[in-house]
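Novice: This is the structure I have questions about; it appears just below.
The values are calculated or read from the model by the stated rules, or taken from the named source; none is laboratory data. Please read all numbers here as calculations on a predicted model, not as lab measurements. So basically every Cβ, Gly included, is an ideal-geometry build from the backbone, and we count neighbours across all protein chains shown. What goes into the accessible areas is simple: the full protein's heavy atoms, side chains included, and nothing from ligands, DNA or RNA. Shrake-Rupley method; radii C 1.70, N 1.55, O 1.52, S 1.80 Å.
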Amino acid sequence: MKFDVVIVGGGLVGASLALALKDSGLKIALVEFRPVPPLPADESWDSRVYAISPGSAAFLQNLGVWDALDQERVTPVYNMAVFGDDNAARLDFSAYNIGVPELAFIVENRQLQHAVWKGLKCRENPIKVFCPAQCSMMLRAESHAELHLDDGTVVQTGLIVGADGVNSWVREQAGIEVARHSYQQMGVVANFDATRPHNNVAHQWFRRDGVLALLPMPGRLVSMVWSTREELAQTMLALPEKELCERVVRASQHVLGEMRLVTRPAAFPLNFVHVKKLAQPHLALIGDAAHGIHPLAGQGVNLGLRDAQELASVIRSRGLQSDCGDYLLLRRYERARKEDILAMELVTDSLQKLFTHTHPTLIRLRNLGLEITNRLPLIKDRLMQQALS
């Protein structure tokens, strides 16, 4: 079978790219190993959530994904309060102050996955979906590339897009070098029902044992993301419900009152991954296959969606170039994404290192930095404009 573009990886970023190209006149295929499970009938909550930026929401809306979400489960963030580890330093962000309706939207992972796959499975959709299917071999010639699937299917294409996660098989097969290190931390996630309203405020504490965030969800629900040392993460996973709630209440300085656990905690390892090249002839990387950052800024998925949006734009505006895998074409994508990715890698990695350092002088300086930034509207506005895209 022959296609113009084959996307490996059907997560949010890979599936969004497929939808962004569905009416381009190109033959598109998507390969995904795991079928997306249906939404649970009991209306339970997903402990994994994303903070979707307004720019990403607009992109998803153009794809028909945003309107397919259950809007009663989408929570806008109007304000954000960031606290230092000295019980005094604070940094506040307000949508009203910068003239936008909201700073972000909190959406469950499985709600987004269901909505994007609903678009892929609709009858009018011309995209060929191989699922469940696993790649067994990748070959590239001067004029095209080939993917061999484990059921014996051979797919020929002008462009292979790796959207297959932080441990990307496509990236490995292409021999693309990565620089990576473990943060020796895990991200612990869970949902709680609080006794005080969150008022659509996202709270974040830079603590000496990690970074704790409480993100607003419908009603008085909040989603916790606590990035902390591996041993503390394992301790939290093993705690009885009451003790876990008490620990979160203390760590969050009782800002939302008492809490009741809604979803059992889960955890995932945190790593920094810098990918040296995003493109080769007949190959491009997007999403977590192209970068891996600390979740303290909540920007990982937005970074990936901007990859998908840019690559789709480059392919659509290729003019008379018939080969979507032409290296000069793909270099346009790589150059367009380089600055954004490097800036986010630098900011998140530097903040993680700064707030895990125990030197007394650095502790004073980092908290002073929060206070100074909070008093400088121009700097705050610049930070927020970057996060809104």
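Condition check ((1) within 21 Å of Pro37 (Cβ to Cβ); (2) part of a helix (DSSP H, G or I); (3) open to solvent by less than 40 Å² (accessible area, probe 1.4 Å); (4) not aromatic (Phe, Trp, Tyr)) across all residues:
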site	(1), (2), (3), (4)
Gly119	yes, yes, yes, yes
His148	no, no, no, yes
Asp151	no, no, no, yes
Thr157	no, no, yes, yes
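Novice: Continuing with the same structure: Within the range 59-71, can one find any residue that is crowded, with 20+ Cβ neighbours inside 10 Å, in contact with a Lys or Arg (Cβ under 6 Å, 6 or more places away or on another chain) and in contact (Cβ under 8 Å) with a residue 12 or more places away in the chain?
Specialist: So the first thing to find is which residues in the range 59-71 are crowded, with 20+ Cβ neighbours inside 10 Å, and the list is 59-60, 63, 65-66, 69.
Next cut, in contact with a Lys or Arg (Cβ under 6 Å, 6 or more places away or on another chain) only: none.
No, the conditions are met nowhere in the range 59-71.
Novice: Next question. I'm checking my understanding of the structure. Among residues of the range 121-146 that are acidic (Asp, Glu) and open to solvent by 70 Å² or more (accessible area, probe 1.4 Å), which one is nearest to Ser44 (Cα to Cα)?
Specialist: Among those residues, the one meeting the criterion is Glu124.
Novice: Please go through the range 264-296 and give me each residue that is open to solvent by less than 10 Å² (accessible area, probe 1.4 Å), under 21 Å from Ile160 (Cα atoms), part of a loop (DSSP other than H, G, I, E, B) and not aliphatic (A, V, I, L, M), ordered by number.
Specialist: His282
Novice: Would you mention how many residues in the range 95-109 are free of Cβ contacts under 8 Å to residues at least 40 places away in the same chain and within 16 Å of Ser389 (Cα to Cα)?
Specialist: 2
Novice: Considering only residues that are among the small types (Gly, Ala, Ser) and under 30 Å from Ala141 (Cβ atoms), which ones fall in the range 173-221?
Specialist: Ala174, Gly175, Ala179
Novice: Would you check which residues across the range 84-102 are open to solvent by 30 Å² or more (accessible area, probe 1.4 Å), closer than 23 Å to Arg207 by Cα and either at pLDDT 90 or above or not aliphatic (A, V, I, L, M) (or both) and list them?
Specialist: Asp86, Asn87, Arg90, Asp92
Novice: I'm trying to understand the selection: among the residues of the range 161-181, which are of a type outside the set (A, V, I, L, M, F, W, C) and open to solvent by less than 50 Å² (accessible area, probe 1.4 Å)?
Specialist: Gly162, Asp164, Gly165, Ser168, Arg171
Novice: Only one residue in Glu146, Glu108, Glu142 is under 21 Å from the mean Cα position of the chain (by Cα) and of a type outside the set (A, V, I, L, M, F, W, C), so which one is that?
Specialist: Glu108
Novice: Just to be sure before I move on: is Ala312 over 28 Å from Ser47 (Cα atoms), assigned to a helix (DSSP H, G or I), open to solvent by less than 50 Å² (accessible area, probe 1.4 Å) and touching a helix residue (DSSP H, G or I) at 6+ places or on another chain (Cβ under 9 Å) in the structure I sent? So that I can check it myself, show each step before the final result.
Specialist: Values: over 28 Å from Ser47 (Cα atoms): yes; assigned to a helix (DSSP H, G or I): yes; open to solvent by less than 50 Å² (accessible area, probe 1.4 Å): yes; touching a helix residue (DSSP H, G or I) at 6+ places or on another chain (Cβ under 9 Å): yes.
Yes: the conditions hold for Ala312.
Novice: Another question, then. Could you give every pair whose Cβ atoms fall below 9 Å, whose first residue belongs to the range 190-206 and is farther than 16 Å from Ala251 by Cβ and in a loop (DSSP other than H, G, I, E, B), and whose second residue is acidic (Asp, Glu) and open to solvent by less than 30 Å² (accessible area, probe 1.4 Å), counting only separations of at least 6 or pairs across chains?
Specialist: none
Novice: Which residue pairs have Cβ atoms closer than 9 Å, lie 6 or more positions apart in sequence or on different chains, and pair a first residue in the range 233-254 that is at positive phi with a second residue that is of a type outside the set (Ser, Thr, Tyr) and surrounded by fewer than 18 Cβ atoms within 10 Å (Cβ to Cβ)?
Specialist: Every condition considered, the pairs that remain are Gln253/Asn87; His254/Arg196.
Novice: Right, another one. What residue, among those in the range 221-236 that are outside any helix (DSSP H, G or I) and open to solvent by 10 Å² or more (accessible area, probe 1.4 Å), is nearest to Gly298 (Cα to Cα)?
Specialist: Val225
Novice: Can you pull out every residue in the range 321-333 that is open to solvent by 20 Å² or more (accessible area, probe 1.4 Å) and part of a helix (DSSP H, G or I)? Give the steps one after another, and end with the answer.
Specialist: At the first step, the residues of the range 321-333 found to be open to solvent by 20 Å² or more (accessible area, probe 1.4 Å) are 321-323, 326-328, 331-332.
Those that are open to solvent by 20 Å² or more (accessible area, probe 1.4 Å) and part of a helix (DSSP H, G or I): Tyr327, Leu328, Arg331, Arg332.
Novice: Within the range 41-54, can one find any residue that is open to solvent by less than 10 Å² (accessible area, probe 1.4 Å) and either within 23 Å of the chain's Cα centre (by Cα) or not acidic (Asp, Glu) (or both)?
Specialist: yes
Novice: Given the conditions (1) part of a loop (DSSP other than H, G, I, E, B); (2) more than 21 Å from His198 (Cα to Cα); (3) not aromatic (Phe, Trp, Tyr), and given that Ser44 satisfies all but one, which numbered condition is not satisfied?
Specialist: Only one criterion is unmet by Ser44, namely (2).
Novice: Which of the residues spanning the range 108-167 are hydroxyl-bearing (Ser, Thr, Tyr) and modelled with pLDDT of 95 or more?
Specialist: Ser136, Thr153, Thr157
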